[in-house]
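Below is one structure, written out as C-alpha cells; the observations come after it.
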Amino acid sequence: KNEVEQSPQNLTAQEGEFITINCSYSVGISALHWLQQHPGGGIVSLFMLSSGKKKHGRLIATINIQEKHSSLHITASHPRDSAVYICAVPRGNQFYFGTGTSLTVIP
Amino acid sequence: EPEVTQTPSHQVTQMGQEVILRCVPISNHLYFYWYRQILGQKVEFLVSFYNNEISEKSEIFDDQFSVERPDGSNFTLKIRSTKLEDSAMYFCASSATGQGLGYGYTFGSGTRLTVV
C-alpha cells in the first residue's frame, strides 16, 4: 500500500514548457514536502506547505488538504530543472515518500 | 546556509564487513534521521533519534543496524555485517523539531554504499 502516489513517473518536456507533477496521499497530514533529487543523488527541500499555494522563482506548489492532493508546477522549464521530484508527507518522526517523478527537460 | 554533511560520499565494502556512515547534522538541531534509497526505488525511512535514543525505527532497521551520537556533533549509522542488498544511497537528515512538520528539516547529500 502506497501512502503517497505521484504522477507521472517520467516526464520529458521541451525547454520553456509548463510542467505539472501531481501527488496524492491517503494519510491525514498537516503539511507536505516537495523535494528535488539531483542526478548525483543529493536531496534538496523545495517547499513545505500546509495550505494554498507557495511560489519560489519558477516553481509553484499547491495543496488541497481536503482532497489530499498537491501539485508542483514549473513555469518556463529549463534543462537545469532536470531531476527527480519527490513528494513526501510527514507521519510522526518520519516521512513517507512518493516514488518520484523523473523530469527531463530537453533544450 | 547550514548544511548536513555526510562522509564518505561513496563507500565500497566487501560483503560481511562492517561499515560506519557518518553524518554531521546542523548544530542546533535536536532530531536526527537516517533514510535509504535502493537504486530505482523510493526513499525509505530507517530510524529517528532524539535525546540520545532511538525514537522510531522501521522494520528495515533490524539488529544489523545501529545508530550512535558519539560526541556532540557526529551521528553515525553502523551496519554490522553488510549484505549485497544493503547497497543503497543512505541519507542523513536533521530537524529542529520532531513533529515531522519539516521546519528546518534538512537532508545531507548522501553516502552511496556499494556492497560487493
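Only the coordinates and a few stated rules stand behind these numbers; no lab work does. Just so we're clear, the structure is a prediction, and the values are computed from it rather than from any experiment. Using ideal geometry, Cβ is built from the backbone for each residue, glycine included, and neighbour counts are taken over all protein chains shown.
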Point to revise | Per-residue HN-Hα couplings for the stretch A:35-49 [Karplus 6.51, -1.76, 1.60; θ = phi - 60°; Hz; x = Gly/Pro] | key: 10, 10, 10, 6, x, x, x, x, 10, 10, 7, 8, 9, 10, 9
Study note, to complete from the structure: Given unit charges at Cβ for Lys, Arg (+) and Asp, Glu (-), the dipole magnitude of chain A about its Cα centre in debye, nearest 20, is 280
Exercise for review: Would you mind telling me which residue in B:G40, B:G16, B:G72 has the biggest mean-square fluctuation in a Gaussian network model of chain B, where springs connect alpha carbons within a distance under 10 angstrom?
Suggested key: B:G40
Practice item. Name the residues whose placed amide hydrogens come within less than 5 Å of the amide hydrogen of A:T99, ignoring near sequence neighbours (fewer than 5 apart) on the same chain. Key: A:Q6
Revision key, fill the gap. Most exposed to least, judged by fewest other Cβ atoms within 10 Å, A:L49, B:L46, B:L84, B:L30 sort to B:L84, B:L30, A:L49, B:L46
Review point. Dipole magnitude of the protein assembly as shown about its Cα centre, charges +1 at Lys/Arg Cβ and -1 at Asp/Glu Cβ only, in debye to the nearest 20?
Key: 340
Practice item. Can you list which of the GluC sites (Glu not before Pro) found in the stretch B:28-116 are DSSP loop residues with at most 11 other C-beta atoms within 10 Å? Key: B:E59
Review point. Which whole-number percent of Cα pairs in the protein assembly as shown have a distance greater than 24 Å?
Key: 43
Check your understanding: In peptide B:79-92, what is the residue-averaged number of other protein chain Cβ atoms found within 10 Å of each Cβ?
Key -> 1
**Study point:** Karplus 3J(HN,Hα) series, Hz, for the stretch B:67-79 with 6.51 cos²θ - 1.76 cosθ + 1.60 (x for Gly, Pro)
**Key:** 10, 7, 10, x, 8, x, 10, 8, 9, 10, 10, 10, 10
Review point. Per residue of B:35-47, what is the mean number of Cβ atoms on other protein chains within 10 angstrom of that residue's Cβ?
Key: 4
Point to revise | Net +/- balance of residues flanking B:A88 in space, Cβ distance below 14 Å, scoring K and R +1, D and E -1 | key: +1
Practice item. Calculate how many DSSP beta bridges within chain A are antiparallel, expressed in % of all such bridges and rounded to the nearest 5. Key: 90
**Study point:** Label-point separation, B:T7 to B:I54 (7 Å along Cα→Cβ), nm
**Key:** 2.6
Study note, to complete from the structure: At R0 = 22 Å the Cβ-Cβ FRET efficiency linking A:N10 and B:L84, nearest 0.05, sits at 0.20
Review point. Under a GNM of chain A (C-alpha, springs under 10 Å), which listed residue has the highest mean-square fluctuation: A:Q37, A:Q94, A:Q14?
Key: A:Q94
Revision key, fill the gap. Once amide hydrogens are built 1.01 Å from N within the peptide plane, the residues lying 5 or more places from A:I65 or on another chain with amide H under 5 Å from its amide H are A:G52
Point to revise | For A:P79, net neighbour charge (Lys/Arg +1, Asp/Glu -1) across residues whose Cβ lies under 14 Å away | key: -1
Revision key, fill the gap. At 10 °C and 1.306 mPa s, the Stokes-Einstein diffusion coefficient in µm²/s for chain B, with hydrodynamic radius from the Kirkwood sum on alpha carbon pairs, is 113
Check your understanding: To the nearest 20 debye, what charge dipole does chain B have about its Cα centre, counting +1 at the Cβ of each Lys and Arg and -1 at the Cβ of each Asp and Glu?
Key -> 200
Study note, to complete from the structure: Computed on Cα atoms, the radius of gyration and Dmax of chain A in angstrom are 13.1, 41
Check your understanding: Remind me, relative contact order of chain A in percent, using alpha carbon pairs under 8 angstrom and six or more residues apart?
Key -> 37
